[in-house]
Amino acid sequence: MEESHAEPLLTNDAVIFGILMVMLAVIFKTANSKHPGWKKFYSVVPMLLLCYFLPSLLNTFNLVDTEASQIYFVASRYLLPACLVLLTLSIDLKEIMKLGPKALIMFFAATLGIIIGGPLSILLVSVIAPDVVGGVGPDAVWKGMSTIAGSWIGGGANQAAMYIQFEPSPELYSVSITVDIIVAELCLVGLLIGIGKEKQINKFFKADNTAIQHLQEKMENYSLSIARMPSVADLMIILGIGFGVTGLAHFLSDYIAPFVTTHIPQLIEVGLDSKFFWIVVLSTTIGIILSFTKLREYEGAGASKIGTIFIYVLVASIGMKMDVMAIFDNLGFFLVGFIWMAIHIIILIITAKLIKAPFFYLAVGSTANVGGAASAPVVAAAFHPSLATVGVLLAVLGYALGTYGALFCAYLMRFASGG
């Protein structure tokens, strides 16, 4: 127990960031190797999964203090908005609309899975271990779980809204955050493994994947038609677009969020006083607007490639926050979390089977809820970079609905726990 509170070996963010970048470089080098051993390895283990897992070892073995490190904050506030702009810059919104209603159906199925999964998991665990889901006052387990519901339906802003609403004890909130991160990341691992089996899964669902393939092909053909060797000026302009819009989004959110707090306090309950929410919304919106201008031609100089690099840096910073050994410290609470997530996944599978939805919609619908804006575009881009915007748009919808869904879920969990 004392070791968990020992001073971490690495406290300098420059050193930690260097290690993360070397990890990513090694992963990309080996993933693109012609060696048959590496080819076989990556046919089983998705590259994106390693980008999460290897950085998590730094936290698991107490090499870094993720609470003190600012790497995730910088990646999520600077690189994420910039990558959202660069990935949406060349998107064809008309083609996305042609994907049809199945994406929305799977998104709402994912939301429903979280809402009913919380109270059902409490009821199931209460049969075998009632103490795990009990507690009174600030220590009532359902209060801690309400913050998980906020995170899994929307994101960090919705989680904070649930914390303010129900005020769980600091100890319970800390455990809840750990369960949130570990279970969500393990769900993500499963989805990433599933991407490698996409054809078999679509066959099981009897899904028609042609609309998604058409969008991929159209975006690839467009990229090839404007492709050129990027000059230094091209790269500087691309960075100027990405970070310029990021700066503008931050500037506007600094005014919008306080305005909401002061003049429209009713929206605080749904998390719309969060600067991060507005940064994500504004970056995505401006990126989509720019896709109707000549700036979209910078896709030919590698705009989406630079955006993808930013995504992988963000992925590594998220992975670094995960401590896989924390599961063993709170087995009872994790059991609730795993059952909760299992219900979410079962509902997704049943829905996908019924409406014959491609696995892409299942994966993005799930991460748009559970992962939010940080994970949904990552998973969507793992299918193809041109699909990242689908994840972004659904994640924004998750932010908008997250607090409503989480409140409903919280009251159901309160009822299920006898509170």
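The values are calculated or read from the model by the stated rules, or taken from the named source; none is laboratory data. This structure is a prediction, so every number in the text was calculated from the model and none was measured. Glycine gets a Cβ as well: all are built from the backbone with ideal geometry, and neighbour counts include every protein chain shown. To get the accessible areas, we keep the full protein, side chains included, count just its heavy atoms, and leave off ligands, DNA and RNA. Shrake-Rupley method; radii C 1.70, N 1.55, O 1.52, S 1.80 Å.
A single member of A388, A382 is modelled with pLDDT under 90, open to solvent by 30 Å² or more (accessible area, probe 1.4 Å) and of a type in the set (G, A, S), and it is A382.
Of all the residues in the range 342-364, those that are within 24 Å of I122 (Cβ to Cβ) and open to solvent by less than 10 Å² (accessible area, probe 1.4 Å) number 2. Of all residues in the range 68-91, those that are within 10 Å of G242 (Cα to Cα) have Cβ atoms under 8 Å from Cβ atoms of residues that are part of a loop (DSSP other than H, G, I, E, B), 6 or more apart or on another chain, in L89/S291. Taken over the range 162-184, the criterion of being at pLDDT 75 or above and β-branched (V, I, T) is satisfied by V175, I177, T178, V179, I181, I182, V183. Scanning the range 251-274 finds no residues that are surrounded by 13 or more Cβ atoms within 10 Å (Cβ to Cβ) and under 21 Å from V378 (Cα atoms). Taking the range 1-119 as the region of interest, the helices (runs of 4 or more DSSP H) fully inside it that hold 3 or more residues being open to solvent by 10 Å² or more (accessible area, probe 1.4 Å) are 13-31, 36-44, 47-60, 71-74, 93-97. The C-beta contact set for the range 209-237 (first residue at positive phi, second residue open to solvent by less than 70 Å² (accessible area, probe 1.4 Å) and at pLDDT 75 or above, distance under 7 angstrom, 6+ apart or interchain) is empty.
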